[in-house]
Amino acid sequence: MPLGPWKKKNKSKEHLVENEVVSGGHTGAGSLSKSAVNGAGLPAPPANLRPKLVFHTQLAHGSPTGRIEGFGNVKELYAKIAEAFNISAPEILFCTLNTHKIDMDKLLGGQIGLEDFIFAHVRGLKKEVEVYKSEDALGLTITDNGAGYAFIKRIKDGSVADNVKVICVGDHIECINGQNIVGTRHYEVARMLKDLPKDKPFTLKLVEPMKAFDMLEPRSKGAKPASENKIGTGRGTLRLRSKGPATVEDEPTEFEEKAVKKVDDLLESYMGIRDTELAATMVEVGRDKKNPDEFAMALDETLGDFAFPDEFVFDVWGAIGDARDGRL
């Protein structure tokens, strides 16, 4: 194929460590074994066959420390956190690694370092705002949590969104002009915002992450491109996949880090989104492909729900090649 267009669960006390308080995380979550399972698209192995990895977690606004294990993707991770703290999984907006702050540099993506401490940010204040779209671009970069919530990852300085002070990094976009978009992928949300007519107002319903009193601070502009995509500090990582089983892998190589960073930048440039898991998947798909057409066909097979512009595919192909050849 040639290139083409683009019930709450009972509280489980054994999961909580009441006297263990961690600030900044990084306490004793370890690795026990490496998984030999590989290959996206395979069904997840039974829980008793998954790597026995235990991670420490807290609710970002403050909680006892919990221990979770036995998850193979982001949705299962949220379910385990919810079970540990006796909340419902849909209350979790997103997770950060090794910090309780709303730090987009530390956002949990497709990989977790084996010693990383997980902080879960839950639903807080709801707000509604009317925005006048005076420019073609709003200045928002959108990402999602892998479980149906799209949220704001960056606000560009001086942009339309930057001038609406109630809009903040970390806010979950729940409705656009009265249309509920929960369950809509981030690239679709970005497209909907881009397609809103210029010189007309529109309404956003947002949900901000719950904050503890010591976390109240001026709103952030979000992650800076040059510092994004830092994976955990453990010597290995747990790779979470949207399709197929999770695998325990070595830390990303220099090639992988550079290539993923560049592809993530291209996703923002072309589609108004950032998604390190998607970027890492594209790098993995393109690693051994011999030409752009072969790469495009592989993308169609692996990521059929995305429709990428031809120029984007060519640029991603070039970025992967540049990283492999040491030109990035």
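The values are calculated or read from the model by the stated rules, or taken from the named source; none is laboratory data. This one's a predicted model, so the numbers in the text were calculated from it and none came from an experiment. Reconstructed Cβ throughout: ideal geometry from the backbone, glycine too, with neighbour counts over all protein chains shown. The accessibility values were calculated without ligands, DNA or RNA, using every heavy atom of the protein model including side chains. Shrake-Rupley method; radii C 1.70, N 1.55, O 1.52, S 1.80 Å.
Counting only residues that are part of a helix (DSSP H, G or I), open to solvent by 20 Å² or more (accessible area, probe 1.4 Å) and hydrophobic (A, V, I, L, M, F, W, C), the stretch 292-314 holds 2 of them. Restricting attention to the stretch 238-291 and to residues that are part of a strand (DSSP E or B) and among the acidic types (D, E), the residue that is most open to solvent (accessible area, probe 1.4 Å) turns out to be D250.
Of all residue pairs spaced 6 or more apart or on separate chains, those with beta-carbon atoms under 6 Å, a first member in the stretch 189-201 that is open to solvent by 30 Å² or more (accessible area, probe 1.4 Å) and a second member that is assigned to a strand (DSSP E or B) and not basic (K, R) are M192/I176; P201/E130; P201/Y132. Of the numbered criteria (1) among the acidic types (D, E); (2) at pLDDT below 85; (3) within 28 Å of L138 (Cα to Cα), the one E254 fails is (3). No other residue among K205, K224, K230 is at pLDDT 60 or above and either surrounded by fewer than 20 Cβ atoms within 10 Å (Cβ to Cβ) or closer than 16 Å to T141 by Cα (or both) apart from K205. Among the numbered conditions (1) of a type in the set (D, E, K, R); (2) closer than 26 Å to D136 by Cα; (3) over 21 Å from the mean Cα position of the chain (by Cα), the only one that D265 does not meet is (3). Taken over the stretch 69-84, the criterion of being surrounded by fewer than 23 Cβ atoms within 10 Å (Cβ to Cβ), modelled with pLDDT of 95 or more and either assigned to a loop (DSSP other than H, G, I, E, B) or not acidic (D, E) (or both) is satisfied by A79, K80, A82.
Of the residues I118, I176, the single one that is within 23 Å of T96 (Cα to Cα) and not acidic (D, E) is I118. In the stretch 138-175, what residues are surrounded by 18 or more Cβ atoms within 10 Å (Cβ to Cβ), out of contact with any Gly (no Cβ under 9 Å at 6 or more places or on another chain) and among the β-branched types (V, I, T)? Residues satisfying the conditions are I167, I173.
Do we have S269 as out of contact with any strand residue (DSSP E or B) (no Cβ under 9 Å at 6 or more places or on another chain), hydroxyl-bearing (S, T, Y) and at pLDDT 80 or above here? Yes.
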